[in-house]
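Take a look at this one; I'll ask things after.
The values are calculated or read from the model by the stated rules, or taken from the named source; none is laboratory data. What you see is a predicted model; the values in this text were computed from it and never measured. Glycine also receives a Cβ, built like all others from the backbone with ideal geometry; neighbour counts cover every protein chain displayed. Accessible surface areas use protein heavy atoms only, side chains included; no ligands, DNA or RNA. Shrake-Rupley method; radii C 1.70, N 1.55, O 1.52, S 1.80 Å.
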Amino acid sequence: QVQLVEFGGGLVQAGGSLRLSCAVSGSFFSINDMGWYRQAPGKQRELVAGIITSDGNTNYADSVKGRFTISRDNDKNTVYLQMNSLKPEDTAVYYCYGVVQHAYRSDKYVYWGQGTQVTVSS
């Protein structure tokens, strides 16, 4: 069983900052990559940022480039999302994901966190 637990959502004024964290626990062989999606009311879930755990390569949605930074702590199986210069359009439920293998060269599985609400007021 693999669990992802998120922390750090909340209410912030436009221009402010928040830091999300997501810790992976349970039984697994490796975590290949981790990241964050978000879903605003009435919209589809979209990728915000992802990071490859082995080499730290990152990718970001165009809408957050230059404002958000994803990082990871492999020793703690934790991924972070530092969100600066927040805008009202960043308001959404943010979901952490992890791509996990349960054995060497086994299939990869995606696990999700429960989601954390981020609300940016204007």
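Could you pull out which residues in region 1-21 have an amide N less than 14 Å from a spot 7 Å beyond the Cα of S63, following the Cα-Cβ vector?
No residue qualifies, since no backbone N sits under 14 Å from the label point.
Excluding V118 itself, what net charge comes from residues whose Cβ is under 9 Å from its Cβ, given Lys and Arg +1 and Asp and Glu -1? Show your work: numbers first, answer last.
Details: positive: R38; negative: D90.
Around V118, the surrounding residues sum to 0.
At a Cα cut-off below 20 Å, give the aspartates and glutamates reachable from K87, other chains included and same-chain residues fewer than 8 away excluded.
Those aspartates and glutamates meeting the cut-off are E46, D62.
Additional query: Can you check what the Kirkwood hydrodynamic radius comes to for region 1-59, Cα pairs only, in Å to one decimal?
Computed over region 1-59, the radius equals 13.7 Å.
Does a label point 7 Å from the Cα of D73, set along Cα-to-beta-carbon, have any residues of region 2-32 with amide nitrogen under 13 Å, and which are they?
Label zone hits: 7, 20-24.
Continuing with the same structure: Hey, if we sort L11, L4 by accessible area with the 1.4 Å probe, largest down, what's the order? Numbers along the way, then the final one.
Working: L11 130, L4 10 Å².
Most to least solvent-accessible, the answer reads L11, L4.
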